[in-house]
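Everything on this sheet refers to the single structure shown next.
The values are calculated or read from the model by the stated rules, or taken from the named source; none is laboratory data. In this text, all values refer to a predicted model and were calculated from it rather than measured experimentally. Positions of Cβ are generated from backbone atoms using ideal geometry, with glycine treated the same way; all protein chains shown enter the neighbour counts. Protein only, heavy atoms only, side chains kept; ligands, DNA and RNA dropped before computing areas. Shrake-Rupley method; radii C 1.70, N 1.55, O 1.52, S 1.80 Å.
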Amino acid sequence: MKTVFALVDCNNFYASCERVFRPDLKHKPIVVLSNNDGCIIARSKEVKALGVKMGGPFFTLRDEIARHGIVCFSSNYALYADMSNRVMTLLEEEAPQVEVYSIDEAFLDLTGVECVVDLLSFGQRLKRKIDQCTGIPVCVGIAPTKTLAKLANRAAKKYSKTGGVVDLTDPARQRKLLELVDVGDVWGVGRRICEKLKARGIYTALDLADTDAKSIRREFSVVLERTVRELNGVACLDIESVRPVKQQIICSRSFGHRITTQQELREAVAKYTARAAEKLRAEKRLCRVISVFIRTSSHVPKEGRYSNSLSVELPCPTDDTRDLLDVAQVIFGRLWRSGFRYMKAGVILADFYEQGEYQEDLFQADLSPTNIFELEKRKASASNLMNVVDQINSSGLGNVFFASQGVSPQWSMKREHLSPAYTTRWSDLPKVW
């Protein structure tokens, strides 16, 4: 049986999430800004039509934004994550296997579905269902391989006559589309590879598909050879329904203003450590290595520059926030230098283990059965405590944090255009009169 994949991709996802709860913004230009309201990271189609560039610094575009009446939003990741979860849940109801590829797109395994329903009709129904249930517009690309599904989805977004759904299972349609696509727009072809391919006379996706796969492997890599085969309808990439295990967890943000005091920076490091530990427990992992870094801005020539980091290996892996905070504070004490204006800090957790699958410290002072029993009892108690803290913080009914994180930090991100937490905070629920 031939494989069939679909790629469901949300249109202008961040901007669409903001518009769901602001129907008055329908057909109005919207941009979403990065952390600290720095750059434009998402645009509605109206903004794209105005020619406002992606990634442009907000402060340089203020006049243009005001002239066109563009509505700005600070990044509201809690809202985006919740809306993404709603979309992915709907997809899992419709397909036997789903691979969540990113926050706004997912691959579906539709192998065998064509025996029951027409694939184009299936895609159109899926699109309507997501729109009706979440308010998020999506496009659907259907093809025998994931690479072709990507191109089908791209065509669904680009050509409005498709209605947002393209079925690319027909080989003749595949070649017709490939001829129109620049080789640089093929999934997996980066800028440098694109330059090499064009120097070799390969300008379109069809040129690449017609190139001998073995010669591509010799000249480039097995990865690009796989892309060539996928463009020819040979499925080389399967659905990855199990999320890959993370190799490290990073918590880092630029500050809303430059930090000059040790206490403020210490609080920031503590907050990032607590957040990283929370993510670690959500992954059901323990970590053995913790790293802390602090740095000043490299873009202000008249200010002194300082950047440093330090890693420590723990005697035993842990997910206890208290243990990690103790180590992080010691590291911070060694990194701190006064007289600088710090703009960023971060914490990295690495070297992960599953519960019970690691070597205990053989050099503990007392390994008698009584002491080991007490250690295990203490671990269980610590695990229960962390679970209770996580449950309270995720319930939306309260917020438990460690005193070292500070009570009212002034260094938090600048988010002057932040929308309410419509779906994750009771007090922010939209009111209907």
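Could you go through region 187-196 and let me know if any residue there is under 32 Å from the mean Cα position of the chain (by Cα), under 28 Å from Ile136 (Cβ atoms) and either at pLDDT below 90 or assigned to a helix (DSSP H, G or I) (or both).
First, the residues of region 187-196 that are under 32 Å from the mean Cα position of the chain (by Cα): 187-196.
Filter once more, keeping what is under 28 Å from Ile136 (Cβ atoms): 187-188.
The next check asks that each one be either at pLDDT below 90 or assigned to a helix (DSSP H, G or I) (or both); those that pass are 188.
Checked region 187-196: at least one residue is under 32 Å from the mean Cα position of the chain (by Cα), under 28 Å from Ile136 (Cβ atoms) and either at pLDDT below 90 or assigned to a helix (DSSP H, G or I) (or both).
Can Ile348 be described as in contact with a Gly (Cβ under 7 Å, 6 or more places away or on another chain) and either assigned to a helix (DSSP H, G or I) or at pLDDT 85 or above (or both)? Step through it out loud before you land on a result.
Details: in contact with a Gly (Cβ under 7 Å, 6 or more places away or on another chain): no; either assigned to a helix (DSSP H, G or I) or at pLDDT 85 or above (or both): yes.
Taking the combined requirement at face value, the residue does not satisfy it.
Need the failing condition index for Gly55 against (1) assigned to a helix (DSSP H, G or I); (2) open to solvent by 30 Å² or more (accessible area, probe 1.4 Å), just the number.
(1)
Where residues in region 1-50 are in a loop (DSSP other than H, G, I, E, B) and open to solvent by less than 40 Å² (accessible area, probe 1.4 Å), which of them is nearest to Asp238 (Cα to Cα)? Reasoning before the result, please.
Residues of region 1-50 in a loop (DSSP other than H, G, I, E, B): 1-4, 11-12, 21-22, 26-29, 34, 38, 44.
Add one more test, that the residue is open to solvent by less than 40 Å² (accessible area, probe 1.4 Å), and what stays is 4, 11, 29, 34, 38, 44.
On the way: Val4: 10, Asn11: 24, Pro29: 38, Ser34: 33, Gly38: 38, Ser44: 32 Å.
My answer is Val4.
If you go through region 380-413, how many residues are in a loop (DSSP other than H, G, I, E, B) and within 16 Å of Lys271 (Cβ to Cβ)?
Qualifying residue count for the region: 12.
So which residues in region 135-145 are under 20 Å from the mean Cα position of the chain (by Cα) and either closer than 18 Å to Asp118 by Cα or open to solvent by 10 Å² or more (accessible area, probe 1.4 Å) (or both), if there are any at all?
Selection gives Pro137, Cys139.
Just for region 152-186: of the residues that are touching a strand residue (DSSP E or B) at 6+ places or on another chain (Cβ under 8 Å) and either assigned to a strand (DSSP E or B) or of a type in the set (Val, Ile, Thr) (or both), which one is nearest to Met1 (Cα to Cα)?
Filtering first and then ranking leaves Thr169.
Looking at Ala149, is it buried (at least 17 other Cβ atoms within 10 Å of the Cβ), assigned to a strand (DSSP E or B) and either within 22 Å of the chain's Cα centre (by Cα) or free of Cβ contacts under 8 Å to residues at least 60 places away in the same chain (or both)?
no
Among Leu280, Leu265, Leu286, Leu237, which is the only one that is over 25 Å from the mean Cα position of the chain (by Cα) and open to solvent by less than 70 Å² (accessible area, probe 1.4 Å)?
Only one candidate qualifies: Leu265.
Determine, yes or no, whether Ile130 is buried (at least 20 other Cβ atoms within 10 Å of the Cβ) and part of a loop (DSSP other than H, G, I, E, B).
no
Quick check on region 222-229. Is at least one of its residues assigned to a loop (DSSP other than H, G, I, E, B), out of contact with any His (no Cβ under 9 Å at 6 or more places or on another chain) and free of Cβ contacts under 8 Å to residues at least 60 places away in the same chain?
No, the conditions are met nowhere in region 222-229.
Of all residues in region 197-212, which are of a type in the set (Gly, Ala, Ser) and either open to solvent by 60 Å² or more (accessible area, probe 1.4 Å) or in a helix (DSSP H, G or I) (or both)?
Ala199, Ala205, Ala209, listed by residue number.
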